[in-house]
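For reference, the structure discussed in these notes is given below.
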Amino acid sequence: MSAAPLPPAPEASFASDNAAGASPEVIEALAAANAGPALAYGEDPWTADAVAAIQERFEAPVDVLLAWGGTGANIVGLSTLLQPWQSVIAVDSAHVIVDEAGGPARFSGSTFTTVANVDGKLVPDAIEPFVGWLGEEHHPQPAVATISQVTENGTVYSIDEIGALADRCHAHGMLLHLDGARIANALVASGATLAEMVRDTGVDAMTFGFTKNGAVFGEAVVYLRPELAAHARFVRKQAGQLVSKSRFVGAQISALLRDDLWLRNARSANDRAAELTVAVAGIDAVDVVRPPEANAVFARIPWDRLDELQRWSFFWPWDPADAQVRWMASFATTSEDVATFAAGLRQLLDAGVGQSER
Ligand SMILES: Cc1ncc(COP(=O)(O)O)c(C=O)c1O
């Protein structure tokens with residue numbers, strides 16, 4: 001008997017929001033910024049406009065440095081805040097710990113102290129065991145805590161949680177850094193403004209992510225207190241994050257911030273993740289770990305079917321020990337993609353044992 005044909009695969013990839021292309025508005029903005037010459041290294045009107053647009057969103061004269069990418073922006077932000085004898089506290093699941101090849105540690109020369117995550121989050125009490133080291137010459141000096149918003153586990157810190165962390169850091173003379181690779185998804189999930197979530201809670205510096213939100217490339221390092229940025233431009237240059245044709249980063253950021261495209265993109269991604277949760281709810285073999293808070297769905301699947309499903313429509317395993325995978329929606333994911341993906345999962349998984357031969 002011949003094997004049943006594979007179900008149609010969705011056009012979109014559920015592997016990562018990084019797998020999507022860029023927003024058409026961003027591509028148009030890149031083409032428009034291509035007209036004529038412009039001074040390099042940020043001395044151009046597109047960069048100035050993007051910086052002003054970011055400051056407007058913070059409702060404050062924050063210091064903004066555009067950068068090439070997320071790892072680089074984290075390296076610049078953290079390295080500016082840290083001395084080599086100091087340490088930064090982060091959860092064991094943080095991108096800066098597990099997914100940046102040790103770049104921030106190497107570049108800052110500082111110690112990166114990891115603590116156990118609680119649903120992907122850093123909790124204020126986790127800092128306490130290390131602050132006793134302050135002033136002791138034998139120990140790395142805790143100076144910064146860093147968090148990711150959205151977390152790598154797909155959870156979203158509440159305003160109160162960020163505020164409590166900032167308060168605890170400041171009480172110990174430490175700073176709070178936020179990796180906002182998916183800050184837009186967190187904002188639409190919580191209904192807060194950037195000023196409420198980042199400025200008013202007391203975050204000191206952040207990476208403002210655009211790549212996962214519809215840019216081709218480009219992020220911003222934002223210092224909420226200008227004195228923290230005193231040496232930031234030298235750090236950015238040394239880290240290779242000063243973009244020579246900065247106008248092309250500026251143009252993308254302005255296009256995303258214009259008419260709140262960044263928030264509409266993030267809302268769409270979050271909504272598609274919620275839709276996917278509903279769409280797979282009736283598949284016996286799929287067990288969604290928790291309702292998505294932003295644009296990632298974590299689910300348990302029969303692990304022996306993983307290869308087969310990946311060959312059909314690739315996605316990443318998340319926690320093999322718990323048979324968990326991650327499905328991620330992006331700004332470009334459509335409801336049709338969600339329906340096609342869920343229907344395919346249902347067909348393949350309901351077909352059960354034996355289908356893995358296809
Ligand atoms: C939480 C987080 N931080 C930072 C980044 C930035 O990484 P990249 O250097 O690939 O832009 C990512 C990308 O996946 C991420 O998920």
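Things to note:
- Selected residue (criterion: nearest to the ligand (Cβ to nearest atom)) from residues of the stretch 217-239 that are within 20 Å of GLY103 (Cα to Cα) and open to solvent by 40 Å² or more (accessible area, probe 1.4 Å): PHE217
- Any chance ALA285 is open to solvent by 20 Å² or more (accessible area, probe 1.4 Å), assigned to a loop (DSSP other than H, G, I, E, B) and touching a helix residue (DSSP H, G or I) at 6+ places or on another chain (Cβ under 9 Å): yes
- Look at (1) within 23 Å of ASP17 (Cβ to Cβ); (2) over 13 Å from the mean Cα position of the chain (by Cα) and you find that PRO124 fails only one, number (1).
- Being touching a residue at least 12 places away in the same chain (Cβ under 8 Å), under 30 Å from TYR157 (Cα atoms) and among the hydrophobic types (A, V, I, L, M, F, W, C) holds for only one residue in TRP312, TRP318, and it is TRP318.
Results for (1) over 19 Å from the mean Cα position of the chain (by Cα); (2) within 16 Å of the ligand (Cβ to nearest atom); (3) more than 21 Å from ALA255 (Cβ to Cβ), shown as yes or no for each residue.
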| site | (1), (2), (3) |
| --- | --- |
| GLY36 | yes, no, no |
| GLY42 | yes, no, no |
| ASP63 | yes, no, yes |
| TRP68 | no, yes, no |
| ILE75 | no, yes, yes |
| PRO84 | yes, no, yes |
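- In a residue-by-residue description of the stretch 40-59, the property of being closer than 20 Å to VAL243 by Cα, in a strand (DSSP E or B) and open to solvent by less than 20 Å² (accessible area, probe 1.4 Å) applies to no position.
- When PRO292 is tested against (1) open to solvent by less than 60 Å² (accessible area, probe 1.4 Å); (2) over 29 Å from GLY102 (Cβ atoms); (3) in contact (Cβ under 8 Å) with a residue 60 or more places away in the chain; (4) not in a loop (DSSP other than H, G, I, E, B), just one condition goes unmet, and that condition is (4).
Matching residues to (1) away from the ligand (no atom under 13 Å from the Cβ); (2) part of a helix (DSSP H, G or I); (3) modelled with pLDDT under 95; (4) out of contact with any strand residue (DSSP E or B) (no Cβ under 8 Å at 6 or more places or on another chain):
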{"residue": "GLY72", "(1), (2), (3), (4)": "no, yes, no, no"}
{"residue": "PHE112", "(1), (2), (3), (4)": "yes, no, no, no"}
{"residue": "ALA143", "(1), (2), (3), (4)": "yes, no, no, no"}
{"residue": "ASN153", "(1), (2), (3), (4)": "no, no, no, no"}
{"residue": "ALA166", "(1), (2), (3), (4)": "yes, yes, no, no"}
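- Test result for LEU187, away from the ligand (no atom under 12 Å from the Cβ), more than 17 Å from PHE107 (Cβ to Cβ) and either buried (at least 22 other Cβ atoms within 10 Å of the Cβ) or not aromatic (Phe, Trp, Tyr) (or both): yes
- Evaluation of ARG267 against (1) assigned to a helix (DSSP H, G or I); (2) farther than 30 Å from ARG57 by Cα; (3) open to solvent by 20 Å² or more (accessible area, probe 1.4 Å) (one fails), failing number: (2)
- Set side by side, the residues GLY250, GLY214, GLY202 differ, and just one is open to solvent by less than 10 Å² (accessible area, probe 1.4 Å), assigned by TED's automatic domain parsing to the domain that holds GLY163 and within 22 Å of ALA186 (Cβ to Cβ), which is GLY214.
The values are calculated or read from the model by the stated rules, or taken from the named source; none is laboratory data. Nothing here was measured: the structure is a model prediction, and the numbers come from that model. Note: ideal-geometry Cβ built from the backbone for every residue, glycine included; neighbour counts use all protein chains shown. The protein model used for the area step is the full one, side chains on, heavy atoms only, and it has no ligands, DNA or RNA in it. Shrake-Rupley method; radii C 1.70, N 1.55, O 1.52, S 1.80 Å.
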